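Step one of this worksheet: look at the structure below.
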Amino acid sequence: MKAFEDCLEGHFTNVHQAMKDPSRYAHINISHMKIGEHLFYGEQAYNYLPSKPYRQFILKVVPLGEQYLIENYKIEDPKRYTGNRYLEELAERPLERRVGCDIIFKPEDNMYRGLTATKDCIVMKKGVKTYLQNEIELGDDFYWVIDRGFDCKTNAQLWGSEWGYLKFYRRNDVF
């Protein structure tokens, strides 16, 4: 489990992808900071707006034999924790689970492949009820993600990746 958590923890950026093809890929930074036993605080922000992350969350790693279940949790008053501040408080607070938003990771070669466990992770986008589907590849120095939202009625993709993975690589210059 330590090897998986070591891959998950850290700061990641897709700066190279965004610079190579800015019309398709925004420059995004992601952080996963350990806040307790098997608990991580996560933050996602556009590079031009680091003080206003568009997503903040708690992840809990649960071993399932050779696999890992990542449970997703909401954060009450997320602005307080922006910039990885006051994280020691989060491990002590009650958590509200995002039902249906779990991701199951399986080891594969020298990495882990993750998929959304169900179609029950509901996200409202522009007044439309959608379900989120994630595909993730995680390794020692990379975190590749495809997020897509599908209409709950028609199963048509309404938002998210159209050009493949957002390719994040570990930043060693932050901590």
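Quick rundown of the values:
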{"quantity": "For region 1-123, with +1 on Lys and Arg beta carbons and -1 on Asp and Glu, the positive-most of F40, M111, P53 along the dipole", "calculated": "P53"}
{"quantity": "Length-normalised contact order of the chain in % [C-alpha pairs under 8 Å, at least 6 apart]", "calculated": "17"}
{"quantity": "Computed accessible area, H11, all protein chains, 1.4 angstrom probe, square angstrom", "calculated": "10"}
{"quantity": "Rough spin-label spacing in nm, given labels placed 7 Å along Cα→Cβ, for E5 and T154", "calculated": "4.5"}
{"quantity": "Label-reachable residues, region 139-175, where backbone N falls under 17 Å from a point 7 Å from K126's Cα toward its Cβ", "calculated": "148-163"}
{"quantity": "Computed E for R171/K74 - FRET, C-beta separation, R0 30 angstrom, nearest 0.05", "calculated": "0.70"}
{"quantity": "Residues listed by number, region 1-26, amide nitrogen under 15 Å from L95 label point at 7 Å toward C-beta", "calculated": "5, 9"}
{"quantity": "Rounded to the nearest 10 Å², the accessible area of R24 at probe 1.4 Å", "calculated": "120"}
{"quantity": "GNM flexibility winner over the chain from D141, D77, D102 (Cα, springs under 10 Å)", "calculated": "D77"}
{"quantity": "Assigned charges on the beta-carbon of Lys, Arg, Asp, Glu; region 110-175 dipole about Cα centre (debye)", "calculated": "340"}
{"quantity": "GNM result for the chain, Cα springs below 10 Å: residue of Y68, Y86, Y46 fluctuating most strongly", "calculated": "Y86"}
{"quantity": "Modelled label reach - E66, point 7 Å along Cα→Cβ, region 88-119 residues with backbone N closer than 16 Å", "calculated": "105-114"}
{"quantity": "Accessible carbon and sulfur surface of the chain relative to its total accessible area, %, 1.4 Å", "calculated": "51"}
{"quantity": "Distance (nanometres) between label positions extended 7 Å along Cα→Cβ at K119 and Y46", "calculated": "3.2"}
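The values are calculated or read from the model by the stated rules, or taken from the named source; none is laboratory data. Just so we're clear, the structure is a prediction, and the values are computed from it rather than from any experiment. Heads up, the Cβs are rebuilt from the backbone with ideal geometry, glycines too, and the neighbour counts pull from every protein chain shown. Surface accessibility is based on the protein's heavy atoms, side chains included, excluding ligands, DNA and RNA. Shrake-Rupley method; radii C 1.70, N 1.55, O 1.52, S 1.80 Å.
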